[in-house]
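Chemist: Input: one structure, supplied below.
The values are calculated or read from the model by the stated rules, or taken from the named source; none is laboratory data. For clarity, every value in this text was computed on a predicted model and none was experimentally measured. Cβ placement follows ideal geometry from the backbone for every residue including glycine, while neighbour counts extend to all protein chains displayed. Side chains included, ligands, DNA and RNA excluded: accessible areas come from the protein's heavy atoms. Shrake-Rupley method; radii C 1.70, N 1.55, O 1.52, S 1.80 Å.
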Amino acid sequence: MTRPPTAAQRRVIDAADPVTGRIKGSEAQLEALVKRGMAFRHPRPPHDHFLTPAGHRVRETVEAEPEPPATQATGVFAAHIGGTEEAADTGPARTREVHSAWQGLLELRRMTNPDGAADRPCGWERTHLVQAAALALEAAGHPPEAGGSPGYRVRATPQPEAVAVHAPDGETLRACAITLERAGWQAGEYTEPRTRARYLLASPRRV
């Protein structure tokens with residue numbers, strides 16, 4: 001289990017810019033956070049340091065407060081994937097958390113994609129397909145299916161690097177496709193043979 005950050009490191013994380021995740025601190029503090037995977041040094045001048053999605057998650061965590069089932073972590077960040085009996089948390093704190101996670105993911109793309117591109121998915125997203133697609137949808141304001149309310153559902157598929165996205169109607173499905181394509185995914189609409197329901201098959205774009 002990863003050790004929690006020290007008090008000094010926590011202060012640096014808590015003081016991060018709420019939108020970009022940019023952090024300031026001593027060289028030793030910043031280097032320690034980089035080694036622990038909570039921050040990264042931008043490869044281009046002025047070489048500022050930013051929180052990774054893991055760092056954003058630490059900043060949003062309230063000690064001793066259990067997360068509801070719909071937002072339990074299954075990786076670096078737990079986006080709502082839809083299909084839960086509990087109502088989705090859509091309050092201001094959740095909105096800020098999702099926004100911070102999305103900004104952190106964009107920085108991770110800039111850092112890890114060979115050409116520094118932020119308009120297409122990075123390696124982390126390809127190994128966390130469901131979470132990555134759900135984060136793109138939630139960050140764009142799409143409501144998940146939860147607590148009896150209609151919305152999107154993101155599910156894994158047998159196909160490599162592909163997820164299925166379900167929605168309550170064709171208009172919502174097409175809106176989800178547009179959002180995913182803008183986020184660097186390829187999305188095509190298909191029909192489920194057994195139920196005849198329409199769904200998206202989405203995969204991260206490589207170029």
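Chemist: Looking at the chain, what % of its DSSP beta bridges pair antiparallel, to the nearest 5?
Modeler: In the chain, approximately 90 percent of DSSP beta bridges are antiparallel ones.
Chemist: Let a ≥ b ≥ c be the square roots of the eigenvalues of the Cα gyration tensor of the range 19-58; is it rounded (a/c under 1.5), or, if not, prolate (a/b larger than b/c) or oblate?
Modeler: Oblate, because a/c is 1.5 or more while a/b does not exceed b/c.
Chemist: Sticking with this one: Given the options Thr112, Thr90, Thr191, state which has the largest fluctuation in a GNM of the chain using a 10 Å cut-off (strictly under) for Cα springs.
Modeler: Top of the fluctuation ranking is Thr191.
Chemist: Tilt of helix 92-112 relative to the longest C-alpha principal axis of the chain, in degrees (0 to 90, nearest 10)?
Modeler: Around 80 degrees separate the two axes.
Chemist: Taking the Cα centre of the range 92-207 as the origin, how large is its charge dipole in debye, to the nearest 20, when only Lys and Arg (+1) and Asp and Glu (-1) carry charge on their Cβ atoms?
Modeler: So the magnitude is around 140 debye.
Chemist: Now, a different point. Apply the a/c threshold of 1.5 to the C-alpha gyration tensor of the range 134-177 and tell me whether it is rounded, prolate or oblate.
Modeler: It comes out prolate by the Cα gyration axes.
Chemist: Based on DSSP H runs of at least 4 residues, each adding -39500 (n - 2.57), what is the mean residue ellipticity at 222 nm of the chain after dividing by all its residues, to the nearest 500 deg cm²/dmol?
Modeler: Only helices count here, giving -11000 deg cm²/dmol.
Chemist: So how far, in whole Å, is the C-alpha centre of the range 127-165 from the one of the range 183-198?
Modeler: 12
Chemist: Moving to a separate point now. Starting from the Cα of Arg205, step 7 Å along the direction of its Cβ; do the same at Glu27; then give the gap between the two resulting points in nm.
Modeler: Using points 7 Å along Cα→Cβ, the separation is 4.1 nm.
Chemist: Compare the Cα positions of Gln29, Pro143, Gln186 along the charge dipole of the chain (+1 at Cβ of Lys, Arg; -1 at Cβ of Asp, Glu; about the Cα centre) and return the one farthest towards the positive end.
Modeler: So the residue we want is Gln29.
Chemist: Is the C-alpha gyration tensor of the range 85-149 telling us rounded, prolate or oblate? Criteria: a/c under 1.5 is rounded; beyond that, a/b larger than b/c is prolate, otherwise oblate.
Modeler: Here the range 85-149 falls in the prolate category.
Chemist: Need one value: the accessible area of Arg22 in square angstrom, 1.4 angstrom probe, rounded to the nearest 10.
Modeler: 90
Chemist: Can you give the angle from 0 to 90° between the axis of helix 129-139 and the longest principal axis of the chain, with both taken from C-alpha atoms, to the nearest 10?
Modeler: Tilt relative to the chain: about 90 degrees.
Chemist: Taking K and R as +1 and D and E as -1, what net charge do the other residues with C-beta under 12 Å from the C-beta of Ala140 add up to?
Modeler: -1
Chemist: Where q = 0.11, 0.19 Å⁻¹, what log10 of I(q)/I(0) comes from the Debye formula for the chain, counting one point per Cα?
Modeler: -0.53, -1.35
Chemist: Near Pro121, within a Cβ-to-Cβ distance under 14 Å, what is the net charge of the other residues, with Lys and Arg +1 and Asp and Glu -1?
Modeler: So the environment of Pro121 carries a net charge of +1.
Chemist: If you don't mind, another one. So what is the relative contact order for the range 65-207, in percent, with contacts set as C-alpha pairs under 8 Å and at least six apart?
Modeler: Relative contact order, the range 65-207: 22 percent.
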